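In what follows, a single structure is set out as structure tokens and then discussed.
Where a number appears in this text, it was derived from the coordinates with a stated rule and is not lab data. All figures in this text were calculated on a predicted structure; none of them were measured in a lab.
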Amino acid sequence: MEVVVNVSLKEGVLDPQAKAIANALKTLGFSDVKHLKLSKKISLQFDHNDKQKAIKEAEKMAQELLANTVIEDYFICCEEA
């Protein structure tokens, strides 16, 4: 069972890396990009196939370590193979 945790900065938090990439894209001629947001994708592989348990464990991991919930949001999705 694989669970993916996507972590990104909350709206309103300054993201200089995303800003630099957006500016570089405009310089390269990609002027249609209105907004760019970076995120971290964290893939977790579990030995069991219990979807509810895996999501619950991933939620706890995100709260305690994977995301800084003061400035970051996270989204969890389950990818069954």
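Taking only pairs that are 8 or more places apart or on different chains, how many Lys pairs in the chain have Cα atoms under 14 angstrom apart?
On the way: LYS10/LYS37; LYS10/LYS40; LYS19/LYS34; LYS19/LYS37; LYS26/LYS34.
So the count works out to 5.
Angle check, please: helix 51-61 long axis (alpha carbons) against the longest principal axis of the chain (alpha carbons), in degrees 0 to 90, nearest 10.
Roughly 60 degrees between the two axes.
If one takes the longest principal axis of the Cα atoms in the chain, at what angle in degrees, from 0 to 90 and to the nearest 10, does the Cα axis of helix 16-27 lie?
Roughly 50 degrees, rounded to the nearest 10.
To check my understanding: the extent here is largest minus smallest coordinate of the Cα atoms along each principal axis. What are those three numbers for the range 10-73, in Å, largest first?
Cα extents, longest axis first: 47, 25, 14 Å.
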